[in-house]
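S.K.: Okay, handing you the structure first.
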Amino acid sequence: MAESDFPKLVNRPEWAALADHRAEGRPHLRELFAADPGRAERYVVRVGDLYIDYSKHLITDETLALLQELATATGVFALRDAMFRGERINVTEQRAVLHTALRAARDAVVEVDGENVVPKVHAVLDKMAGFAERVRSGEWTGHTGKRIRNVVNIGIGGSDLGPAMAYEVLRPYSARELTFRFVSNVDGADLHEATRDLDPAETLFIVASKTFTTIETITNATSARTWLLDGLEGDDKAVAKHFVALSTNAEKVAEFGIDPDNMFEFWDWVGGRYSYDSAIGLSLMIAIGPERFREMLDGFRLMDEHFRTAPAEANAPLLLGLLGIWYGNFHDAQSHAVLPYSHYLSKFTAYLQQLDMESNGKSVQRDGEPVQWQTGPVVWGTPGTNGQHAYYQLIHQGTKLIPADFIGFARPVDELSGELKAQHDLLMANFFAQTQALAFGKTAEEVRAEGVPEEQVTHRTFRGDHPTTTVLATELTPSVLGQLIALYEHKVFVQGAVWNIDSFDQWGVELGKVLAKRVEPALTGGADVPGLDPSTKTLVAAYRHLKNA
Ligand code: F6P
C-alpha cells in the first residue's frame with residue numbers, strides 16, 4: 001500500500017470500535033477482580049526471566065481484542081517483519097532499522113541491500129572484547145606505561161544515556177578496581193568534575209558519537225585532549241594510548257586525531273537511542289567484561305525473538321504498546337511513569353525518555369501528513385521508594401490519569417548481605433503496596449470504619465482504579481537488563497506503527513542545534529547576530545551585561 005493510501009487512523013472502524021467501547025464505560029478495577037477470580041493469573045505474560053502482570057489495567061477481554069484488531073488493521077506485524085528483514089522503514093532518512101542485528105547470533109543472516117551484516121557486527125564485538133580484556137587485565141597501558149584505572153566516556157544522547165544507565169545497572173558485575181565516568185554536558189563543569197581527581201596517565205577517554213559532529217561531544221573531547229596533554233607534558237603521541245572512538249564516521253574520527261585502529265565501528269542502520277548494544281557499549285564492556293556483555297545481548301535477542309514470533313495475545317511488547325494507546329488515545333493520558341524498585345535502575349527512566357520521546361515525539365505521519373491523534377507520552381519516573389515521598393501523591397489523588405510500570409526483583413544483588421539484604425523485603429513490600437493502593441484504593445466506607453472524622457473522609461478516600469503494569473524478575477542480571485530494554489524498544493515500535501509515524505528519525509532536535517550555532521558568536525565575541533528575534537536579542541544583551549558586570 002502506498003503511504004498516502006494509508007487510511008486515517010481515526011477513520012478506521014477499529015478506532016471507532018475502541019472509542020465506543022471506551023464510551024460504554026466499565027466497572028471499577030475492584031469489581032473487575034471481584035467478578036473474575038482468575039484475572040490475576042490470566043492477565044500475565046511470562047517472557048524469558050520476566051513475569052509481566054497487566055491485570056491491573058482498565059481493560060476487559062473485549063478491550064484487548066479490540067486493541068489487537070487495531071494492531072492488525074494498522075499493519076504493525078507487517079512493519080515489524082519489514083524491520084527485522086532490514087527494509088528501509090526509517091522513511092525520512094531512507095535507512096534500515098536494524099538494532100536487532102546487533103544481537104543476532106553469530107550464524108544468523110540479516111541482510112541490508114543484499115549484504116549480510118551479522119559478520120560485521122561480530123567482528124566489531126570481537127574487537128571490542130579484545131580491547132576490553134586488555135584494559136581490564138592491565139595489558140593496555142597509558143603513554144607513560146601506567147595501567148589504565150579510569151575510563152571516561154564522552155558522548156551525549158544515545159551515545160551517553162545507554163552506557164551510563166547500563167553501567168549503573170550492572171555495577172555489581174563490574175571491575176570494581178576501575179573507575180567509570182560519563183561526561184555528556186557541554187557545561188565545562190561536567191568534564192571538570194569527572195576528571196579533577198584523576199591521573200591523566202591512568203585515564204582512557206572513549207569518545208562516543210555516531211556522527212562525530214555533535215558539538216557537545218567534540219567540544220568535550222577537545223578539552224579532554226588538552227587536559228590529557230597538559231598532564232603528560234604535551235606529548236601528542238599520548239593521544240593514541242588514551243583516546244578511542246566509537247562512531248560510524250571514520251573520516252571525522254581521523255580528523256580529530258584518533259588512530260583509525262582505535263575506532264570501533266557501527267552503522268547508519270543503528271539509531272543513536274538504539275545503540276548501546278553496539279560499539280557504543282564499549283565502556284560497559286570494559287566494566288563488566290565481554291562474557292557478561294554477551295549475556296546481555298542474549299537477553300535482548302530473547303525479547304527480539306519473542307516479539308517476532310509470539311502470538312498477539314501473549315506478545316509482551318505488543319500488549320504494552322497497545323495499553324499505552326488505550327490510555328493516550330482513548331483516556332487522554334498525557335504521560336507514562338516508569339517506576340523501578342531498584343537503586344541500580346536509577347538512570348533507567350532517563351534512558352527510556354530518549355528511547356520513547358525521541359522516537360515517538362512526532363506530529364506528522366510517515367507520508368508527511370499531520371496526525372490528528374495523540375502520539376508519544378511524556379515518560380518520567382525515578383526509583384521507588386523515593387518517588388513515594390515526592391510525587392506519588394499526585395498519582396494517587398491528583399486529577400490526572402498516569403499509567404505506570406512498576407519494575408521489581410525477587411532478590412537483591414548478591415553483594416548485599418546481612419541487614420542490607422534483609423531490607424529488600426521492605427522495598428518490595430512497598431512495591432506491592434503501591435500497585436495495590438493504586439488499583440483498589442480505599443472507599444469512603446472503609447475510611448469511616450476506621451473512625452476518621454467525617455470532615456476528613458473525602459480527603460482520606462482513595463478512588464483507586466489507576467492502571468499499572470507489574471514487571472517482576474528474579475534478579476537484575478545482564479540478560480534481564482537486555483530483556484527489559486528490548487521490551488521497551490519494541491513497545492515504542494508498536495506505538496509508532498499504530499500512529500503511522502517514523503519512530504526512527506529525530507528532526508525535532510535539529511533546529512535548536514542550528515540556532516545555538518548562530519547565537520554562539522553573540523555570546524563569545526559580542527558580535528551582533530543579524531536576524532535574531534526581539535526576545536532572544538534582548539536576552540542576549542542581558543546576558544552580556546551580566547557577564548561583564
Ligand atoms: O539529540 C539528537 C541526537 O542526534 C540523538 O539522536 C543522538 O543520540 C545524539 O544526538 C548524539 O548523537 P551522536 O552520537 O551522533 O553524537
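S.K.: Taking the range 149-160 as the region of interest, how many residues are among the hydrophobic types (A, V, I, L, M, F, W, C) and near the ligand (Cβ under 8 Å from one of its atoms)?
M.R.: So the answer is 1.
S.K.: Kindly indicate which of T375, T382 is touching a helix residue (DSSP H, G or I) at 6+ places or on another chain (Cβ under 8 Å), in contact (Cβ under 8 Å) with a residue 60 or more places away in the chain, outside any helix (DSSP H, G or I) and hydroxyl-bearing (S, T, Y). Give the steps one after another, and end with the answer.
M.R.: On the way: T382 fails: in contact (Cβ under 8 Å) with a residue 60 or more places away in the chain.
Being touching a helix residue (DSSP H, G or I) at 6+ places or on another chain (Cβ under 8 Å), in contact (Cβ under 8 Å) with a residue 60 or more places away in the chain, outside any helix (DSSP H, G or I) and hydroxyl-bearing (S, T, Y) holds for just one of T375, T382, which is T375.
S.K.: Where in the range 209-323 are there helices (runs of 4 or more DSSP H), lying wholly inside it, with at least 3 residues that are without any contact (Cβ under 8 Å) to a residue 60 or more places away in the chain?
M.R.: In the range 209-323, 215-231, 250-256, 290-309 are the helices (runs of 4 or more DSSP H) which contain 3 or more residues that are without any contact (Cβ under 8 Å) to a residue 60 or more places away in the chain.
S.K.: Does L472 qualify as being aliphatic (A, V, I, L, M) and loosely packed, with under 13 Cβ neighbours inside 10 Å?
M.R.: Answer is no for this residue.
S.K.: Is there a residue in the range 510-525 that is small (G, A, S) and buried (at least 18 other Cβ atoms within 10 Å of the Cβ)?
M.R.: Scanning the range 510-525, I find at least one residue that is small (G, A, S) and buried (at least 18 other Cβ atoms within 10 Å of the Cβ), so the answer is yes.
S.K.: Quickly run through the range 332-358 and pick out the residues that are open to solvent by 30 Å² or more (accessible area, probe 1.4 Å), more than 16 Å from the ligand (Cβ to nearest atom) and more than 11 Å from P383 (Cβ to Cβ).
M.R.: Of everything in the range 332-358, those that are open to solvent by 30 Å² or more (accessible area, probe 1.4 Å), more than 16 Å from the ligand (Cβ to nearest atom) and more than 11 Å from P383 (Cβ to Cβ) turn out to be D332, Q334.
S.K.: Tell me the residue from A132, A175, A189 that is under 23 Å from T214 (Cα atoms) and either at pLDDT below 95 or away from the ligand (no atom under 16 Å from the Cβ) (or both), please.
M.R.: Of A132, A175, A189, the one residue that is under 23 Å from T214 (Cα atoms) and either at pLDDT below 95 or away from the ligand (no atom under 16 Å from the Cβ) (or both) is A189.
S.K.: Okay, next question. Which residues, counting only those in the range 484-525, are of a type outside the set (A, V, I, L, M, F, W, C), in contact with a Phe, Trp or Tyr (Cβ under 7 Å, 6 or more places away or on another chain), away from the ligand (no atom under 16 Å from the Cβ) and assigned to a helix (DSSP H, G or I)?
M.R.: Here is the first cut: in the range 484-525, the ones of a type outside the set (A, V, I, L, M, F, W, C) are 488-491, 495-496, 500, 502-503, 505-506, 508, 510, 512-513, 517-518, 520-521, 524-525.
Of the ones still in play, those that are also in contact with a Phe, Trp or Tyr (Cβ under 7 Å, 6 or more places away or on another chain) are 489-490, 500, 503.
Then keep just the ones that are away from the ligand (no atom under 16 Å from the Cβ); that gives 490, 500.
Of everything in the range 484-525, just one residue is of a type outside the set (A, V, I, L, M, F, W, C), in contact with a Phe, Trp or Tyr (Cβ under 7 Å, 6 or more places away or on another chain), away from the ligand (no atom under 16 Å from the Cβ) and assigned to a helix (DSSP H, G or I), namely H490.
S.K.: Report yes if some residue within the range 96-112 is assigned to a loop (DSSP other than H, G, I, E, B) and touching a His at 6+ places or on another chain (Cβ under 8 Å); otherwise report no.
M.R.: Yes, the range 96-112 has at least one match.
S.K.: Same structure, new question: Is the range 270-288 home to any residue that is away from the ligand (no atom under 16 Å from the Cβ) and open to solvent by 20 Å² or more (accessible area, probe 1.4 Å)?
M.R.: Within the range 270-288 (the criterion being away from the ligand (no atom under 16 Å from the Cβ) and open to solvent by 20 Å² or more (accessible area, probe 1.4 Å)), the answer is no, since none of the residues qualifies.
S.K.: Also, I was wondering about something else. Looking at (1) open to solvent by less than 60 Å² (accessible area, probe 1.4 Å); (2) more than 16 Å from the ligand (Cβ to nearest atom); (3) not hydrophobic (A, V, I, L, M, F, W, C), which one does K120 not meet, given that it meets all the others?
M.R.: (1)
S.K.: Just for the range 204-231: of the residues that are of a type in the set (A, V, I, L, M) and either at pLDDT below 95 or within 16 Å of the ligand (Cβ to nearest atom) (or both), which one is nearest to H99 (Cα to Cα)?
M.R.: It comes out as A208.
S.K.: So Q436 ticks every box in (1) away from the ligand (no atom under 16 Å from the Cβ); (2) among the polar types (S, T, N, Q); (3) assigned to a loop (DSSP other than H, G, I, E, B) but one. Which box is left unticked?
M.R.: The number of the failed condition is (3).
The values are calculated or read from the model by the stated rules, or taken from the named source; none is laboratory data. All values reported here derive from a predicted model rather than from experimental measurement. A quick note on method: Cβ atoms are made from the backbone with ideal geometry, for glycine too, and the neighbour counts reach across all protein chains shown. Note: areas computed on protein heavy atoms with side chains; ligands, DNA, RNA excluded. Shrake-Rupley method; radii C 1.70, N 1.55, O 1.52, S 1.80 Å.
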